[in-house]
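Please read the structure below before turning to the comments.
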Amino acid sequence: MTGVLVRLAAFAVLASMSAMLMGCLTSSQDNTAQFEAADNEKCISYGTTPGTPAYTDCRMKLDKLRKIAAVADAPPPRSSGNCPTSASGIGCTGF
C-alpha cells in the first residue's frame with residue numbers, strides 16, 4: 001500500500017510540474033504572437049507592404065532592436081571568484 005502512495009505522490013508532483021511548464025510555454029507563445037502583430041502593424045504604418053524588401057528590412061530591424069534590449073536587460077555575468085578588486089567592494093564581471 002505504501003508503494004502505491006509513493007507512486008501516486010510522484011505522479012501528482014510530475015503532473016503539476018508539467019502543467020506549470022505548459023503555462024510558461026503558452027505565455028511565451030502568446031508574447032511572440034503579440035510581438036509579431038505589433039511589428040507587422042508598425043512596419044505597415046511606415047508605409048511598407050508585406051512581402052517587399054522594405055517590409056522585410058523593417059521586421060528584421062525591429063527584431064534586432066528587441067534582441068539588443070533583451071541583452072541590455074539581462075543581469076551581468078557572475079565572476080568566478082578571482083576578482084582582483086573584490087576587497088574594495090567593486091564587483092567584477094567577465095573574469
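The values are calculated or read from the model by the stated rules, or taken from the named source; none is laboratory data. Note that the structure is a prediction, hence the values are computed from the model and not measured. Every residue, glycine among them, receives a Cβ derived from its backbone with ideal geometry; neighbour counts consider all protein chains shown.
Is it the case that segment 45-59 has a residue that's surrounded by fewer than 11 Cβ atoms within 10 Å (Cβ to Cβ) and either touching a strand residue (DSSP E or B) at 6+ places or on another chain (Cβ under 9 Å) or of a type in the set (A, V, I, L, M) (or both)?
Scanning segment 45-59, I find no residue that is surrounded by fewer than 11 Cβ atoms within 10 Å (Cβ to Cβ) and either touching a strand residue (DSSP E or B) at 6+ places or on another chain (Cβ under 9 Å) or of a type in the set (A, V, I, L, M) (or both), so the answer is no.
Give Leu5, Leu62 a once-over and let me know the one that is among the aliphatic types (A, V, I, L, M), touching a helix residue (DSSP H, G or I) at 6+ places or on another chain (Cβ under 7 Å) and either at pLDDT 65 or above or on the phi > 0 side of the Ramachandran plot (or both).
Leu62
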